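For reference, the structure is listed below as C-alpha cells.
The values are calculated or read from the model by the stated rules, or taken from the named source; none is laboratory data. What you see is a predicted model; the values in this text were computed from it and never measured. Here Cβ is always computed from backbone atoms with ideal geometry, including for glycine, and neighbour counts include all displayed protein chains. Just so you know, the surface numbers come from the protein's heavy atoms only, side chains and all, with ligands and any DNA or RNA stripped out. Shrake-Rupley method; radii C 1.70, N 1.55, O 1.52, S 1.80 Å.
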Amino acid sequence: MMVLLFLLFAANSLAFLAMWWDKRLARLDRRRIPENTLLLLALCGGGVGGWLGMKQFRHKTQHWRFSLGLPVIALLQIGLLAYFMI
C-alpha cells in the first residue's frame, strides 16, 4: 500500500509541476506541453495534482476538457483510493 501511495504522490507532483511549466512556457511564448500530455498525466494518477495546478496557476481554466475533466478525474481517483483503502 505504501508503494501505491508513493506512486500517487509522484504522479500528482509531476502533474502539478507540468501545469506550472506549461504556464511558464506560455508566458515566455515558447513551445508548450501538448494538452493531451497534461490530460494523460492526470489520467495516470495525477488528477488531484493537475486540478490543483490548474487552479493555483490559473492555467487551462477556460478549456472545457480541463475545467470539467480534471475535477472529474480527481474525484474518481479519490473515490477509487478510498474504496481500496477500506
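Report yes if Leu43 is closer than 12 Å to Leu70 by Cβ and in contact with a Lys or Arg (Cβ under 8 Å, 6 or more places away or on another chain), otherwise no.
Values: closer than 12 Å to Leu70 by Cβ: yes; in contact with a Lys or Arg (Cβ under 8 Å, 6 or more places away or on another chain): no.
So Leu43 fails the test.
What helices (runs of 4 or more DSSP H) lie completely within segment 1-75 and have 1 or more residues being open to solvent by 40 Å² or more (accessible area, probe 1.4 Å) and either β-branched (Val, Ile, Thr) or closer than 25 Å to Met85 by Cβ (or both)?
Numbers: elements: 2-27, 35-41, 47-57, 64-67.
By residue number, 2-27, 35-41, 47-57.
Anything in segment 38-85 that is aromatic (Phe, Trp, Tyr) and under 13 Å from the mean Cα position of the chain (by Cα)? List them, or say none.
Residues satisfying the conditions are Trp51, Phe57, Phe66.
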